[in-house]
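Working notes, structure below.
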Amino acid sequence: MAASSASSTSASAPPVETEYAAPALDKGLDILELLSATNGALSQAQIASGVGRSVSQIFRVLSTLERRGYVHRDHQSGLYILSLRLFDLAHRHDPLRGLLQASAGPMRALANAAEQSCSLSVEEAGLSRVVAQVESPGDFGFRVRVGALFSLDDSATGEVLRAFRSSDPDTLEPALRSVREAGHVERGDDLHAGVIDIVFPVLRADGTAVAALTVPYVATRASVLGTDAVLRLARHAASQISGSVFPAPTP
């Protein structure tokens, strides 16, 4: 079966205020993003200019970031650089945990609406590993074991993971480029007759796949939906997961 088998610098003007705006937090994030995109250290005046604010507007926020260990100020030059605090926080967080949390709701909704099982797989050491599985609520369905490993070369899920491995589609072989252009795979399972694998990528902001969402569609007289409808549901679920794990920045 299938394997069901940059931060950018801140704007030159202060962010638009909304009902739920947190101006101090915006300033802090602006400063962190600016420093992360800068080679070398910056003075307080350079930081203020870089985030489109006055020195007085950022003074307290910058002092707080320094006190909390997110930035380091050289006491001789007065210049600021990022500390390793963000690196430390990033390595305390298990990225798979966030992916599983974000996928649980959309996958359950997909399984309930389609009355088909679905699974989530990630690439691991040249294979695809099933990291999540939701069984069909109906009487019929196809399931795989969480933790199971499948070939990337001989599965629909593997095709999707390979097609969206690179952010440059021109580097792909023709078959994978076709998958990339279609945005998904829908084909009969290589190992199980009667199963149609419907697979969509869960995409990062750069268009590469962090995971693949697979529906091993089993057609029976009791099936409530055809493959076209399930394909639409699977596309929506994959998009929801992507949006939760990698939310688009807002002004």
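The values are calculated or read from the model by the stated rules, or taken from the named source; none is laboratory data. From a predicted model like this one, the values you see are computed outputs, not experimental measurements. No Cβ is skipped: glycine too gets one built from the backbone with ideal geometry, and neighbour counts run over all protein chains shown. Heads up: the accessible areas ignore ligands, DNA and RNA and are worked out on the full protein's heavy atoms, side chains in. Shrake-Rupley method; radii C 1.70, N 1.55, O 1.52, S 1.80 Å.
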Against the conditions (1) touching a helix residue (DSSP H, G or I) at 6+ places or on another chain (Cβ under 7 Å); (2) of a type outside the set (D, E, K, R); (3) more than 13 Å from residue 114 (Cβ to Cβ); (4) part of a loop (DSSP other than H, G, I, E, B), where does residue 167 fall short? Just the number, please.
(1)
Checking 76, 44, 116 in turn, the sole residue that is touching a helix residue (DSSP H, G or I) at 6+ places or on another chain (Cβ under 8 Å) and either open to solvent by 60 Å² or more (accessible area, probe 1.4 Å) or farther than 30 Å from residue 221 by Cα (or both) turns out to be 44
Could you go through the range 90-97 and let me know if any residue there is touching a strand residue (DSSP E or B) at 6+ places or on another chain (Cβ under 6 Å) and outside any helix (DSSP H, G or I).
no
Would you please name the residue that is surrounded by the fewest Cβ atoms within 10 Å (Cβ to Cβ), looking only at residues in the range 135-155 that are assigned to a loop (DSSP other than H, G, I, E, B) and among the hydrophobic types (A, V, I, L, M, F, W, C)?
146
Among the residues of the range 220-242, the number that are open to solvent by 70 Å² or more (accessible area, probe 1.4 Å) and modelled with pLDDT under 95 is 2
Cβ contacts < 8 Å: first residue at positive phi and modelled with pLDDT of 90 or more, restricted to the range 69-84; second residue open to solvent by less than 50 Å² (accessible area, probe 1.4 Å) and assigned to a loop (DSSP other than H, G, I, E, B), any location; separation 6+ or different chain. Result?
69/83; 78/43
Picking from 132, 109, 175, the residue that is open to solvent by 20 Å² or more (accessible area, probe 1.4 Å) and either in contact with a Cys (Cβ under 8 Å, 6 or more places away or on another chain) or within 23 Å of residue 236 (Cα to Cα) (or both) would be 109
Is it the case that some residue within the range 23-38 is within 30 Å of the chain's Cα centre (by Cα), at pLDDT below 90 and exposed (fewer than 11 other Cβ atoms within 10 Å of the Cβ)?
no
Unique residue being open to solvent by 80 Å² or more (accessible area, probe 1.4 Å), small (Gly, Ala, Ser), farther than 20 Å from residue 249 by Cβ and in a helix (DSSP H, G or I) when the list is 63, 56:
56
Name the residues in the range 23-53 that are part of a loop (DSSP other than H, G, I, E, B) and either out of contact with any Asp or Glu (no Cβ under 9 Å at 6 or more places or on another chain) or aliphatic (A, V, I, L, M) (or both), would you?
37, 38, 39, 40, 41, 43, 51
Residues that are more than 18 Å from residue 187 (Cα to Cα) and of a type in the set (Val, Ile, Thr), drawn from the range 130-175:
130, 131, 134, 146, 171
